[in-house]
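Below is one structure; the comments refer to it alone.
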Amino acid sequence: MTSHRIATFSVDGSTRYGAVVKGGIVDLSARFGKDYPTLREAIAAGVLTKLAEDAAQYQPDHALDTITWLPPIPVPEKIICIGVNYPYRNAEYKDGQDAPKYPSMFMRTPRSFVGHQTPLVRPRASAQLDYEGELVLIIGKAGRHIAESAALDHIAAVTLCNEGTIRDWVRHAKFNVTQGKNFDSTGSLGPWLVPYAGESQIADVRLTTRVNGETRQDDRTGRLIFGFRYLINYISTFTTLAPGDVIVTGTPTGAGARFDPPRYLKPGDIIEVEADGVGVLRNGVVDEAP
């Protein structure tokens with residue numbers, strides 16, 4: 001059981017944020033929305049943990065079965081995704097190359113993600129929808145040229161991602177994977193933010209992905225090729241990291257494309273991405289509406 005869990009959700013057509021507690025969700029936006037319209041402003045102000053602690057004094061405002069979960073950060077400035085960041089994952093490419101000198105990365109749009117319990121959409125353009133379970137860092141403190149020694153001070157929270165990918169479309173181009181990574185509603189973020197509480201919380205987290213109850217991915221963040229301190233240092237060399245920025249840190253071996261024959265997602269499948277101390281991000285799959 002995680003201590004503090006703060007989610008963005010919609011109820012009766014209105015987007016809100018709140019603390020997930022026993023019996024439901026405490027609507028924090030009803031109480032603090034004037035100061036912090038969304039979790040982006042709450043993160044920038046450094047009050048995530050304080051809001052979660054305040055929530056303890058209230059009874060839940062909404063039952064969980066009455067809300068729609070949304071990605072925790074509404075319209076982040078940047079969603080930066082790291083490719084090929086676990087050792088066996090590099091070996092999966094079978095290109096004879098040693099571990100890379102620098103991380104692979106690409107950007108995703110907010111529209112390419114849904115929240116917890118909302119189905120991923122298999123697009124009309126391709127049946128090759130694949131899953132990738134990942135741990136996510138949410139930036140809390142802005143910075144450029146951030147030293148590795150100070151890097152973790154810039155984290156506000158962690159969450160989970162199913163970085164859904166259209167496999168044939170990531171191979172369309174010579175130098176990039178952008179189009180296969182940005183189909184509408186093919187990935188998910190959530191279910192909630194867990195405020196960052198120190199390096200031991202993220203240093204060696206077990207990360208698993210299950211499809212219909214079968215474990216497909218299972219690894220630990222302690223084995224990352226490019227660790228969290230390095231990633232924040234490296235990314236902040238070329239771009240200013242801003243509060244609410246999302247860094248999706250890489251997926252272990254075991255995605256569907258690597259099976260023979262490949263095991264792509266199909267309507268009715270249930271994918272669960274789980275990390276110790278964070279929770280379970282669960283999504284179904286539907287076909288794109290005609």
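The table that follows gives values for the structure above.
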{"item": "Flag for F259 being within 15 Å of I80 (Cβ to Cβ) and more than 14 Å from the chain's Cα centre (by Cα)", "result": "no"}
{"item": "Output for segment 149-165, where each listed residue is farther than 19 Å from N283 by Cα and buried (at least 18 other Cβ atoms within 10 Å of the Cβ)", "result": "A151, L152, H154, I155, A156, A157"}
{"item": "Number of the exception - R282 against (1) open to solvent by 30 Å² or more (accessible area, probe 1.4 Å); (2) assigned to a strand (DSSP E or B); (3) out of contact with any His (no Cβ under 8 Å at 6 or more places or on another chain); (4) not hydroxyl-bearing (S, T, Y)", "result": "(3)"}
{"item": "Flag for V285 being at pLDDT 95 or above and within 19 Å of I79 (Cβ to Cβ)", "result": "no"}
{"item": "Hits in segment 262-289 - residues which are within 24 Å of T159 (Cα to Cα) and either among the charged types (D, E, K, R) or over 22 Å from the mean Cα position of the chain (by Cα) (or both)", "result": "D269, E272, E274, D276, R282"}
{"item": "Where a residue in segment 116-135 is over 28 Å from R5 (Cβ atoms) and free of Cβ contacts under 8 Å to residues at least 60 places away in the same chain and its partner, wherever it lies, is hydroxyl-bearing (S, T, Y) and surrounded by fewer than 22 Cβ atoms within 10 Å (Cβ to Cβ), with Cβ under 6 Å and at least six apart", "result": "none"}
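The values are calculated or read from the model by the stated rules, or taken from the named source; none is laboratory data. From a predicted model like this one, the values you see are computed outputs, not experimental measurements. Using ideal geometry, Cβ is built from the backbone for each residue, glycine included, and neighbour counts are taken over all protein chains shown. Ligands, DNA and RNA are stripped out before the accessible areas are found, and what is left, the full protein with its side chains, is counted by its heavy atoms. Shrake-Rupley method; radii C 1.70, N 1.55, O 1.52, S 1.80 Å.
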